[in-house]
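A.B. asks: Below you'll find the structure I mean.
The values are calculated or read from the model by the stated rules, or taken from the named source; none is laboratory data. The structure presented is a predicted model; accordingly, all values stated were derived computationally and were not measured. Virtual Cβ from ideal backbone geometry, glycine too; neighbours counted across all protein chains shown.
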Amino acid sequence: MKGFTLIELMVSVTIMAILLGVGVVSLNNFNNSQKVETTKNELISSLKLARNYAITMQLPNGVSGTLNYVQVDLKTNGQISVDAYGILDGQNTTMNIGPYFSKDISPIGVDITVTNIINFASYKGDLVYPNYPVSIIISSSEDPDDAAKSILIDSSGLIK
């Protein structure tokens with residue numbers, strides 16, 4: 001009679017269970033790192049768009065006035081809002097003159113940490129930026145051991 005013994009079947013099932021466990025852990029780590037990478041790419045895209053609004057001195061739709069700077073507000077829960085600050089016609093003070101966009105850029109489980117408020121200002125088409133760099137750290141709250149991604153905006157306004 002040919003067949004498998006009970007010991008051989010138990011060893012086979014144990015090996016399959018170990019391989020399945022390793023595969024699930026690897027897939028979970030891959031998903032966490034993809035969430036962080038996707039958030040980083042979305043944030044870079046949004047920051048470049050905000051910088052371009054400042055360079056071209058383009059105001060939000062339906063707003064007339066003078067653009068002084070574009071401000072990016074980042075929250076740790078992944079909310080980003082980009083607003084125009086400037087002077088409305090007939091006014092003398094700088095104020096929020098309209099939003100460009102506001103959206104949620106990160107999935108659940110991703111944290112964003114920023115060191116300073118991000119302002120992009122331009123003067124006659126040249127980007128004028130504060131003299132300090134801004135560092136943004138994007139990390140996974142689900143897997144603290146996962147390597148965090150960082151974005152640096154240097155004093156000239158370049159996004160790296």
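A.B. asks: Need at least 2 residues that are among the aliphatic types (A, V, I, L, M), closer than 22 Å to Asp146 by Cα and at pLDDT 85 or above per element, so show me which strands (runs of 3 or more DSSP E) inside segment 24-129 make the cut, counting only ones lying wholly within it.
C.D. replies: 110-114
A.B. asks: So which pairs qualify, if the first residue must be in segment 54-71 and touching a residue at least 12 places away in the same chain (Cβ under 8 Å), the second must be among the charged types (D, E, K, R) and surrounded by 14 or more Cβ atoms within 10 Å (Cβ to Cβ), the Cβ gap must be under 6 Å, and the two must be at least 6 apart or on different chains?
C.D. replies: The qualifying pairs are Gln71/Asp83.
A.B. asks: Follow-up question, since we're still on this one. Suppose the filter is within 30 Å of Ile108 (Cα to Cα) and either charged (D, E, K, R) or exposed (fewer than 11 other Cβ atoms within 10 Å of the Cβ) (or both); does Lys2 pass it?
C.D. replies: Details: within 30 Å of Ile108 (Cα to Cα): no; either charged (D, E, K, R) or exposed (fewer than 11 other Cβ atoms within 10 Å of the Cβ) (or both): yes.
Spelling it out, it is not the case that Lys2 is within 30 Å of Ile108 (Cα to Cα) and either charged (D, E, K, R) or exposed (fewer than 11 other Cβ atoms within 10 Å of the Cβ) (or both).
Conditions tested, residue by residue: (1) surrounded by 14 or more Cβ atoms within 10 Å (Cβ to Cβ); (2) among the basic types (Lys, Arg).
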| site | (1), (2) |
| --- | --- |
| Val24 | no, no |
| Lys40 | yes, yes |
| Lys48 | no, yes |
| Gly78 | yes, no |
| Gly86 | yes, no |
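A.B. asks: Just checking, which of Ser155, Ser106, Ser122, Ser81 is closer than 16 Å to Glu37 by Cβ and among the hydroxyl-bearing types (Ser, Thr, Tyr)?
C.D. replies: Ser106
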